[in-house]
Structures are given as C-alpha cells and as structure tokens.
C-alpha cells in the first residue's frame, strides 16, 4: 500500500498532468451527448461546406478529439450519418489519427517528465512501463493496438497515458489507426444505416423508425459485437503481458 508521503509526492509531480487527465476523462463524456442531441444541426452545417465537408469534418474531428473535447464515438456517428460508410469511415480514420497526433504532442508537453518521476517511485508501475515500451517496436505496437481496440478505451486519456509512458509517435499513430478501425467501422456503418432510413436525427429515428424492436435488436447486436472485440483484445493483452 502506498504511504501518504509517496501519494503527496505523486500528486505534486503530476501537477498539470493530473488536471489534464481529469479534464480528458470528464469533458468528452459530457460534450458527446450534446453533439448527438444536435446531430441534425451538425449535419446541416457540414453539408453546407459542399465538397470540402469531409475535410472539414476530419480536421474538426482531429482537433476536438486530440484536445479531449469530444469523444471519437460521437463524431463517428456524425461521419456515418452525413457521409455514409465509405467516406464517413475514411474521414473518421483521418480524424482520429490526427487526434492521436495532437493528443500525443499535448501530453508530451504537459506530462512526460512529471509522470516518469511518479513512476520511478513505484516498482510495479516501472515493470508495467517496461513491458509496454521496453520489448521492441513490434511488441509495443501490438500492445498499443490491442489497448485501442476495446470500445471502453477513452481516446484522449489513452493518448495521455501512452505519451507519458514514452511510447514512440510512430507506434502511437499506427496502433491507433489499426486498433480503432474495427469499432469505428461498426459505429459509422450503423449511423449510415440510420441516416439511410430517412430520419432527420436520432430522436426521429427512434420515434419514427422501423420500430422499437428493430432498434433494440440493433443496439443488442452492436453491444455483442463490441463486447466480442473487447474480449479478444483483452485476452491478447493478457497473453502479451504474461
């Protein structure tokens, strides 16, 4: 058990890094619901951009996810709803890779040395860090990819942890691209299907859509698919850690 002096030293060393972690944990959860509630407004605004709409979407996706303002799942819903599966998935992938870059740079600027000082006081944490970055490029890439796969992996907070632990930028970006593609494709595809029904927003899709049982069945299917993805990733991470 950590003694009080060590805990106080940890808090002192983390400083802005601890505040950034709290912000990146809370802010996306709150603003994500707001974005989904204003889906029709966001859709109309994006469509007014014309042929530049996918580019504008990807840039905004990168900035807001990288700075920990909006969650990736809510923005993936917008991409699928507005652009369909093909363009929506491509723009979303560009957005979260750009967000991973912005998040990595921000975290390194704010947190790198502070987190390292805190880790040095905890032998167990040092062992975990070495398992993450001390076993070669490909092994680290595999672990980072698997960490990114589960749908409950918070994007901004994961950027902070990986960058603070010293994960290389190339591994960080490629792991994000490969690991987040499956869950993003599922979300974008379902949003595209919802938009294809003719609904103006999520509320009208629920009330005027194909019926509550079809909606419930779709949600259950989504949860099962994401649970399978998360289970496979967790098992793989456990084997690598062992």
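The values are calculated or read from the model by the stated rules, or taken from the named source; none is laboratory data. Predicted, not measured: the structure shown is a model, and the values here were computed from it. Reconstructed Cβ throughout: ideal geometry from the backbone, glycine too, with neighbour counts over all protein chains shown.
How many residues does region 60-72 contain that are buried (at least 21 other Cβ atoms within 10 Å of the Cβ) and assigned to a helix (DSSP H, G or I)?
Residues that pass the stated criteria total 6.
Looking across 155, 83, one residue alone is modelled with pLDDT of 85 or more and under 30 Å from residue 198 (Cα atoms). It is 83. Out of 96, 141, 57, one residue alone is crowded, with 17+ Cβ neighbours inside 10 Å, in contact with a helix residue (DSSP H, G or I) (Cβ under 8 Å, 6 or more places away or on another chain) and modelled with pLDDT of 95 or more. It is 57. Do we have residue 50 as on the phi > 0 side of the Ramachandran plot, buried (at least 18 other Cβ atoms within 10 Å of the Cβ) and modelled with pLDDT under 95 here? Against the criterion (on the phi > 0 side of the Ramachandran plot, buried (at least 18 other Cβ atoms within 10 Å of the Cβ) and modelled with pLDDT under 95), residue 50 does not qualify.
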